[in-house]
Amino acid sequence: MKHLIYLKMCAISIRLILGLIFTGTFISCTGKTSDKTVEIPEFPLKISENKHYLTDQKGRPFLICGDSPWEIAYKLKQEEQLAYIDTAMQMGFNTFFIEALHWEKDPAYKNQYGESPFLSYLPDSMADFSTPNPAFFDRLHWLIQQLRDRNALILLVIADYSSYGPYWYDDVIANKETKCYDYAKYLANLLADCSNIIWIQGGDCDPGYALGMTEAMAQAILDSKHPSKLQTYHAGARPSSQLFPHTTWITLNNTYAYDSTVTHGAPLYVHAYHDYFMHGDKPTFNLETGYEGESNDGHGGLPSRMRRQVWYTMLAGSCGHMYGSINWWFPDNWREVQQWPGAKHVTFCFNYLKNKEWWKLVPDSGHYLIPEEYATHNEYKIAAISEQKDWLLAYIPAAGHKSVVINLKAMNEEINTARWIDPTNGKVNEISGTPFINNGNKQFEVPGKNGFGDDDWVLELSTKKK
């Protein structure tokens with residue numbers, strides 16, 4: 001996203017109302033539409049017993065259904081911030097990736113109310129982290145409170161390092177460990193009444209010379225009064241586990257990869273597989289990948305890519321996915337962008353999975369569920385099966401595939417329900433001939449074009465009857 005290209009170019013609590021709205025109509029386990037109300041999460045989140053997903057304080061699984069309005073805290077006025085958040089949550093998003101400090105680090109840059117984050121500067125125009133501006137951070141606090149009251153999770157970037165242009169990397173180094181520690185602790189204590197936070201260190205950049213300062217800020221979170229100690233690191237287009245495979249302050253891993261084969265050697269699903277199977281002591285989720293409307297790796301930012309990315313993520317062992325679009329920097333037409341089809345297609349996946357026991361899905365990285373699958377990258381057919389082996393999902397990407405072969409022996413009983421689900425609108429094509437005996441491979445023909453005119457589909461098999 002933004003580390004590859006520089007682009008210039010939301011007060012009242014409504015917890016109960018949005019707790020009810022935060023659902024949408026979607027496909028249920030029975031194939032009928034459902035208006036099931038999602039239970040209100042009790043923050044702060046914690047790690048599940050099996051280390052593969054997040055739960056609230058009552059042990060209920062929490063699926064990260066994410067949107068990435070990076071610059072919302074300072075690009076929009078407060079009434080606009082609320083308009084954006086409320087629309088996103090009605091769509092099905094429950095998590096927001098935002099920055100505490102503005103992305104383009106410039107002493108003259110201010111929020112929509114004329115406020116800068118720091119009151120004084122060090123030599124060479126480096127911000128003095130020991131002088132936080134209460135007015136600026138009180139507005140950030142207000143925004144996080146609004147999200148808390150809407151039962152939303154926040155992924156909060158403490159100071160975006162980034163890779164190009166005037167960002168906060170040099171300021172972090174100039175302030176050294178003590179001031180960075182004090183700033184992070186100030187921020188965490190200020191937000192201590194908002195337990196709906198996961199802390200993001202770094203930002204589109206490996207730590208490099210800022211490693212000591214990064215560790216100081218991470219320790220500040222641990223030492224603060226804030227109830228959430230969950231942290232991860234947003235690296236430079238690579239999984240956090242590649243940089244910090246055994247770091248104790250990192251409590252969950254994240255993947256960050258584009259379609260391009262040059263993104264640290266592997267596509268998105270391979271990084272997710274690796275985290276799930278090789279770093280299974282921590283949950284993993286997709287923090288960033290290709291954004292709708294951008295083409296940083298030359299593979300386009302089309303809706304088909306948005307669908308592929310979310311299904312790849314969720315069927316490869318992740319506990320959530322962060323969708324993004326050019327609304328990370330809020331162009332003038334941000335309201336229109338928020339309604340782009342890719343966002344709606346991604347939230348269909350979220351709303352579908354929220355009505356399932358998604359946390360029981362086990363990924364298949366060894367061609368057992370799809371034994372004849374040897375395509376890679378954007379043509380890869382992916383599948384996962386429930387722990388009980390009574391429910392299987394496969395995603396067939398928009399790559400001209402005419403069929404998929406499934407190993408029915410993987411299921412614990414005969415298959416009584418088989419259907420294709422359109423990933424663009426949730427419409428169902430029932431597959432005739434059930435029950436299928438679970439004694440060998442079976443080929444399923446892709447039903448043609450989906451509702452968006454592409455040829456990607458989701459295959460669902462279940463031992464349960466309709």
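We did not get these values from a lab; they are worked out from the coordinates using the rules stated. Since this is a predicted model, take the numbers as computed values, not measurements. Heads up, the Cβs are rebuilt from the backbone with ideal geometry, glycines too, and the neighbour counts pull from every protein chain shown.
Couple of notes before you dig in:
- Cα centroid separation, segment 305-337 to segment 418-456 (Å): 25 Å
- By the helix-only formula, in which each DSSP H run with n ≥ 4 contributes -39500 (n - 2.57) and the sum is divided by residues, the chain has a 222 nm mean residue ellipticity of -8000 deg cm²/dmol.
- Diffusion of segment 210-310 by Stokes-Einstein, at 37 °C in a medium of 0.692 mPa s and with Rh set to the Kirkwood radius over alpha-carbon pairs, works out to 224 µm²/s.
- For segment 364-462: span of alpha carbons on each principal axis (Å, largest first): 35, 27, 21
- Peptides 144-155, 239-250, 312-323 ordered by average Cβ neighbours within 10 Å, highest first: 312-323, 144-155, 239-250
- Radius 11 Å from Cβ of GLN57, net charge of other residues (Lys, Arg +1; Asp, Glu -1): +1
- Taking other C-beta atoms within 10 angstrom as a stand-in for reagent exposure, HIS367, HIS271, HIS234, HIS279 fall in the order HIS367, HIS279, HIS234, HIS271, fewest first.
- More than 27 angstrom apart: percent of Cα pairs within the chain: 52 percent
- Efficiency of FRET between GLN145 and LYS51 - r from beta-carbon atoms, R0 25 angstrom, step 0.05: 0.20
- Förster radius 60 Å - calculated FRET efficiency between ASN429 and GLN112, Cβ distance, rounded to 0.05: 0.80
- Largest-first principal axis extents, alpha carbons of segment 125-278, Å: 45, 38, 26
- DSSP bridge pairs, the chain: antiparallel proportion in percent, nearest 5: 60 percent
- Value of relative contact order over segment 385-466, rounded to a whole percent, pairs C-alpha under 8 Å and six or more apart: 44 percent
- Only the Cβ atoms of Lys and Arg (+1) and of Asp and Glu (-1) were treated as charged; on that basis the dipole of segment 364-462 about its Cα centre amounts to roughly 120 debye.
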